[in-house]
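Have a look at the structure below before the remarks.
The values are calculated or read from the model by the stated rules, or taken from the named source; none is laboratory data. Predicted model only: the values in this text are computed from it and were never measured. Every residue, glycine among them, receives a Cβ derived from its backbone with ideal geometry; neighbour counts consider all protein chains shown.
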Amino acid sequence: MEKSEKILKVAMGSSVEDKEQVLEQIKKDKQNMATYKSAKIAWSFLAASKEVSSHEVEESYKKLSQRIKRAEAPAKRLPFLKYAAALVLLIGISSIMFWLGGNYQINKKQSVHYSTVVAEYGQIAHVILPDSSIVWLNSGTKLTYSNNFAVNSRHLKLEGQAFFEISKNKSLPLKVSTESGITVKVLGTKFDVRAYSGDEEVSVVLEEGSVELESFSSQGTNQKLVPGEMVTYNVSENKMDIVSIETGDYTSWKEGALVFIDEPMQLVIRKIERRYNVEVEVINPAVYQSIFNANFKNESLEEILDFIQFSCPITYQLIDEDGGKTKIILK
C-alpha cells in the first residue's frame with residue numbers, strides 16, 4: 001500500500017496492518033504530519049455534517065482510495081492536501097470535476113442537484129471547491145453549490161460567514177448570494193461575507209482584488225469595493241454603509257481568533273454561542289447595554305467570560321446540562 005494512502009487510512013480510523021509504524025513516520029516527517037492533520041480535519045468535518053449520511057461518507061472514502069491509485073504518476077500528481085480537502089467534496093459530480101481538472105465531460109441535460117457543506121456550531125471548516133477556490137466556513141455556516149459549479153456557472157449560496165480565496169476565471173464570474181438579497185460578484189479575489197440567518201446586518205470585507213455588490217434593494221446601481229473596505233447592509237432599515245477598516249480584524253476568525261470591535265453585547269453573545277456551541281440565557285436585560293472590545297486567540301470559554309465580567313457590569317454562571325452541552329447565565 002502506498003504511503004499517502006496509509007496515512008489517509010490512519011486519519012480516517014480505518015484498519016492498517018502496520019499502524020504504529022505509519023504513526024511513527026507521521027511524527028518524524030513534517031510533510032507527513034501536515035498530510036495527516038489535513039486529512040483528519042477534513043474527514044472529521046465530513047463525518048460530523050448532518051447533510052451527509054454515513055453511507056455517503058463510506059462511499060466517499062472508496063472513491064477517494066480509487067482516485068489516489070489513479071493519481072500515482074509523479075509528473076502530474078496532485079498535492080495530497082487536495083485528497084484531504086476532496087473528502088468534503090466527494091458526494092456528487094463536483095468531485096469528478098475537481099479530480100479531472102478542466103477536462104469536464106458533463107451531460108448538460110442531466111438534472112441539477114445541490115451539495116451543502118456545513119460547519120456546525122463549535123467548528124471552523126476549510127473547503128476546496130471544484131475550481132480550486134478555497135473557502136473557510138465559520139461556526140454555524142452552510143455553503144451550497146450545484147453539480148454545474150465551474151461548468152457553466154460559479155454560483156454559491158451562503159448562510160453564515162465565510163472567507164473566500166477565489167480562482168480567477170473571467171468567463172465565469174463567481175457569485176455568492178444570501179437570503180438577505182445581497183449578492184457578491186467576483187472574478188478572482190479574497191473577501192469575507194457575513195450573512196447569518198436572523199442577523200440584522202450583512203457585511204462584506206474586501207482583502208484583495210475587487211468585488212461588486214448586487215441586489216441591494218435600496219440602491220439603484222451596483223456598488224463596488226476596493227481592498228480595505230467593508231460594506232454593512234442593515235436588512236430591516238434597508239440601508240448600506242461603506243467604511244475603511246483593518247481587514248485582519250474581520251477575517252482572522254479563520255485562524256481561530258475571536259475579535260470584538262465596539263460590539264453590542266447581543267452580537268457578542270451570538271458569536272460565543274456559535275464558536276463554542278453553547279446556549280446563553282440573559283436574566284438581566286441591562287446586559288444588552290454593554291459594548292465590548294477584545295481580541296482573543298487561544299483563550300478558553302471561561303477566560304473570555306472572565307474578561308467580559310471584568311470589563312463590563314455583567315456576571316456569569318456556567319451550567320452543565322444533560323447531553324453534555326454548556327449553558328451560560330448572564331446577569
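Of Glu255, Glu263, Glu299, which residue is among the acidic types (Asp, Glu), touching a Phe, Trp or Tyr at 6+ places or on another chain (Cβ under 7 Å) and closer than 22 Å to Ile124 by Cβ? Please lay out each step first, then the result.
Values: Glu255 fails: touching a Phe, Trp or Tyr at 6+ places or on another chain (Cβ under 7 Å); Glu299 fails: touching a Phe, Trp or Tyr at 6+ places or on another chain (Cβ under 7 Å).
Among Glu255, Glu263, Glu299, only Glu263 is among the acidic types (Asp, Glu), touching a Phe, Trp or Tyr at 6+ places or on another chain (Cβ under 7 Å) and closer than 22 Å to Ile124 by Cβ.
Could you give every pair whose Cβ atoms fall below 9 Å, whose first residue belongs to segment 121-145 and is acidic (Asp, Glu), and whose second residue is in a strand (DSSP E or B), counting only separations of at least 6 or pairs across chains?
Taking only residues 6 or more apart or on different chains, the pairs are Asp131/Phe149; Asp131/Arg154; Asp131/Leu174.
Go through segment 1-31 and count every residue that is exposed (fewer than 13 other Cβ atoms within 10 Å of the Cβ) and modelled with pLDDT of 70 or more.
Result for segment 1-31: 9.
Suppose the filter is among the aromatic types (Phe, Trp, Tyr), without any contact (Cβ under 8 Å) to a residue 60 or more places away in the chain and farther than 24 Å from Val231 by Cα; does Phe164 pass it? Break it down stepwise before answering.
Values: among the aromatic types (Phe, Trp, Tyr): yes; without any contact (Cβ under 8 Å) to a residue 60 or more places away in the chain: yes; farther than 24 Å from Val231 by Cα: no.
Considered against the rule, which asks whether it is among the aromatic types (Phe, Trp, Tyr), without any contact (Cβ under 8 Å) to a residue 60 or more places away in the chain and farther than 24 Å from Val231 by Cα, Phe164 comes out as no.
Would you mind stating whether Val287 is β-branched (Val, Ile, Thr) and within 27 Å of Thr183 (Cα to Cα)?
Values: β-branched (Val, Ile, Thr): yes; within 27 Å of Thr183 (Cα to Cα): no.
Answer is no for this residue.
From the residues in segment 303-331 that are among the acidic types (Asp, Glu) and over 21 Å from Asp262 (Cα atoms), which one is surrounded by the fewest Cβ atoms within 10 Å (Cβ to Cβ)? Can you show your working first?
Taking segment 303-331 first, the residues among the acidic types (Asp, Glu) are 303, 306, 320-322.
Within this subset, residues satisfying the condition of being over 21 Å from Asp262 (Cα atoms) are 320-322.
Values: Asp320: 9, Glu321: 10, Asp322: 5.
The selected residue is Asp322.
Within segment 210-230, does at least one residue satisfy the condition of being in a strand (DSSP E or B), surrounded by fewer than 15 Cβ atoms within 10 Å (Cβ to Cβ) and not polar (S, T, N, Q)?
Taking segment 210-230 as the starting set, the residues that turn out to be in a strand (DSSP E or B) are 211-214, 223-225, 229-230.
Subsequent filtering for residues that are surrounded by fewer than 15 Cβ atoms within 10 Å (Cβ to Cβ) retains 224.
Then keep just the ones that are not polar (S, T, N, Q); that gives 224.
Yes, segment 210-230 has at least one match.
If you check Lys239, Lys254, which single one turns out to be loosely packed, with under 14 Cβ neighbours inside 10 Å and farther than 23 Å from Thr326 by Cβ?
Working: Lys254 fails: loosely packed, with under 14 Cβ neighbours inside 10 Å.
From the options Lys239, Lys254, the qualifying one is Lys239.
Could you count how many residues in segment 124-145 are farther than 17 Å from Glu179 by Cα and of a type in the set (Ser, Thr, Tyr)?
The number of residues fulfilling the criteria is 3.
Has segment 243-252 got at least one residue that is assigned by TED's automatic domain parsing to the domain that holds Gln123, within 18 Å of Val135 (Cα to Cα), small (Gly, Ala, Ser) and assigned to a strand (DSSP E or B)?
No, because not a single residue in segment 243-252 is assigned by TED's automatic domain parsing to the domain that holds Gln123, within 18 Å of Val135 (Cα to Cα), small (Gly, Ala, Ser) and assigned to a strand (DSSP E or B).
If I ask for residues that are assigned to a helix (DSSP H, G or I) and under 23 Å from the mean Cα position of the chain (by Cα), which ones from segment 276-303 would you list?
Keep residues of segment 276-303 that are assigned to a helix (DSSP H, G or I), which gives 276, 285-289, 301-303.
Matches in segment 276-303: Tyr276, Leu301.
Tell me which residues, restricted to segment 147-189, are out of contact with any helix residue (DSSP H, G or I) (no Cβ under 8 Å at 6 or more places or on another chain) and among the aromatic types (Phe, Trp, Tyr). First the steps, then the outcome.
Let us first name the residues in segment 147-189 that are out of contact with any helix residue (DSSP H, G or I) (no Cβ under 8 Å at 6 or more places or on another chain), namely 148, 152-160, 162, 164-189.
Selection gives Phe164 alone.
Scanning for something acidic (Asp, Glu), in the same structural domain as Lys190 (by TED's automatic domain parsing) and at pLDDT 90 or above, does segment 287-303 turn up at least one residue?
Narrowing segment 287-303 to residues acidic (Asp, Glu): 299, 302-303.
Going one step further and asking which of them are in the same structural domain as Lys190 (by TED's automatic domain parsing), we end up with none.
No, that holds for no residue.
Taking segment 232-273 as the region of interest, how many residues are among the aromatic types (Phe, Trp, Tyr) and over 15 Å from Val202 (Cα atoms)?
As a first pass, look at segment 232-273 and keep what is among the aromatic types (Phe, Trp, Tyr): 233, 250, 253, 260.
Cutting the leftovers down to over 15 Å from Val202 (Cα atoms) gives us 253, 260.
Count: 2.
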